[in-house]
Each structure stands twice: as structure tokens, then as C-alpha cells.
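Enquirer: Next up is a structure, given as C-alpha cells.
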Amino acid sequence: MDQATLVGAIGIEVHRGPRKVLEGASVSLSEGEVVAVLGENGSGKTTLVSMIARFYDPTGGQILINNTPLSRLRIKELRRIVGMVTQQTVLFDDTIINNIRYGSPHARRDEVVAAARKARADEFICEFEQGYETIVGESGGRLSGGQRQRIALARAILRDPQILLLDEATSQVDVESEKLIHHVL
């Protein structure tokens, strides 16, 4: 695929138990566009993002990437072109550098550092005695919520996916860092 374009999620319906969670959504994006989906809690924002990542499929309608229904894409291919950062950050009991490299295991150190700088993580990483070799602990327990989110953002930036999904990805980051991260993205 030359570019990943998310097109036409027309008439999507998702049911959770007896009620519809998302109905009648329609989104069309082209390369380089940025779209923010706003709404009340429970309005379907995370559901929409989760369907684009194909964590589950719509019960009606379809989602297309480059005019190909998601259901026809192999999950491995979809995961290659879509990156996602959520409020619930997943980190491993490993070094910071290996957590950022997850998904891009062959990335050079300078590429990891550049991604961390873009995610506004390099400064706090360098404050640790062992820097990028610091072990983050189980689920990143030795880091604050905002630090974990910036590590996850650095991971996504390093992967450089064609489609980047952010689901409250900066909810635990201070306002100034959030502005700078949005500018970089």
C-alpha cells in the first residue's frame, strides 16, 4: 500500500448486550489528515478506535483502508500499518530502550532517542542514573502515568505507522508536554 487511507465507515453498528454502542458513524480520511473524535463518556470514541485496530468487527457497515474492507486484511498486515496508543499503557519489565523498541526491534539507538525526544520523554529518561537502560518494572510500575504514556508514544513514533490511533494517549501528561507532543504529531 502506498498510503493508508481510512474511508467510509458508513452505517456502523456495534452492539454490547442489548444496546447499540455506536450507530451511523461515517468517517473519511486521506493521507496526512488529522481527525479528533470528541464526545461524552460512552459515546463510542474508544469503540471506533478499537474497530479500526480490529479488536472487534462492526455488526453492520464496514471500515475500509485503501478501499479494502478490514475483514479482508490479514491481522499481521493491519498491525504493520496501524499504530495505537491508549490511556492504558502496556510496558514490559525491561529497559526503557527495549520498551520503546517493542515493535521495531532492529531500530538503532539514535532512532530510539529521536522518537523519545519527539514524545517528550528523553529529558526524564536521561535523569535516571542508567538512562535508557533503566528497568521500568512490572507494567512500568517504576514510572509515573505520564512517563509511561510518553514511552508508549515514543514506541508508536518509532514505528512510524501509516495510521496512528491515539485514544486518550496524553491524558496523564502535563499540559505543556501535551501541546508539544501534539505539535510533533
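The values are calculated or read from the model by the stated rules, or taken from the named source; none is laboratory data. Treat the numbers as computed from the prediction; the structure is a model and nothing was measured. When we count neighbours, we look across all protein chains shown, and the Cβ atoms used for this are built from the backbone with ideal geometry, even at glycine. Only protein heavy atoms, including side chains, enter the accessible area calculation; ligands, DNA and RNA are left aside. Shrake-Rupley method; radii C 1.70, N 1.55, O 1.52, S 1.80 Å.
Enquirer: If I ask for residues that are among the hydroxyl-bearing types (Ser, Thr, Tyr) and assigned to a helix (DSSP H, G or I), which ones from the range 50-84 would you list?
Expert: Once the filter is applied, which keeps residues that are among the hydroxyl-bearing types (Ser, Thr, Tyr) and assigned to a helix (DSSP H, G or I), the range 50-84 yields Ser50, Ser71.
Enquirer: Among the residues in the range 166-183, are any open to solvent by less than 60 Å² (accessible area, probe 1.4 Å), of a type in the set (Lys, Arg) and in a helix (DSSP H, G or I)?
Expert: Looking for residues that are open to solvent by less than 60 Å² (accessible area, probe 1.4 Å), of a type in the set (Lys, Arg) and in a helix (DSSP H, G or I), one finds none in the range 166-183, hence no.
Enquirer: Mind listing just one residue for me: the one in the range 34-51 that is over 19 Å from Thr170 (Cβ atoms) and under 16 Å from the mean Cα position of the chain (by Cα) and, of those, modelled with the highest pLDDT?
Expert: Met51
Enquirer: A further question on this structure: Where the second residue is in a loop (DSSP other than H, G, I, E, B) and the first is open to solvent by 80 Å² or more (accessible area, probe 1.4 Å) and lies in the range 55-66, which pairs have Cβ atoms under 8 Å and are six or more apart or on separate chains?
Expert: What qualifies is Gln62/Gly8; Gln62/Ala9; Gln62/Ile10.
Enquirer: Where the second residue is open to solvent by 20 Å² or more (accessible area, probe 1.4 Å) and acidic (Asp, Glu) and the first is farther than 12 Å from Glu133 by Cβ and lies in the range 88-105, which pairs have Cβ atoms under 6 Å and are six or more apart or on separate chains?
Expert: Short answer, once both residue conditions are applied: Asp93/Glu138.
Enquirer: Select from the range 71-110 the residues that are within 18 Å of Ala121 (Cβ to Cβ) and small (Gly, Ala, Ser) and write down the one among them that is most open to solvent (accessible area, probe 1.4 Å).
Expert: Gly103
Okay, residues lined up against (1) at pLDDT 95 or above; (2) open to solvent by 30 Å² or more (accessible area, probe 1.4 Å); (3) under 20 Å from Val175 (Cα atoms); (4) over 17 Å from the mean Cα position of the chain (by Cα):
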| site | (1), (2), (3), (4) |
| --- | --- |
| Ala119 | no, no, yes, no |
| Glu123 | no, yes, yes, yes |
| Glu127 | yes, yes, no, yes |
| Gly141 | no, yes, no, yes |
| Ser144 | no, yes, yes, yes |
| Arg148 | no, yes, yes, no |
| Leu153 | no, no, yes, no |
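Enquirer: When you scan the range 22-42, how many residues do you find that are assigned to a loop (DSSP other than H, G, I, E, B), open to solvent by less than 50 Å² (accessible area, probe 1.4 Å) and over 26 Å from Asp160 (Cα atoms)?
Expert: Selection size over the range 22-42: 1.
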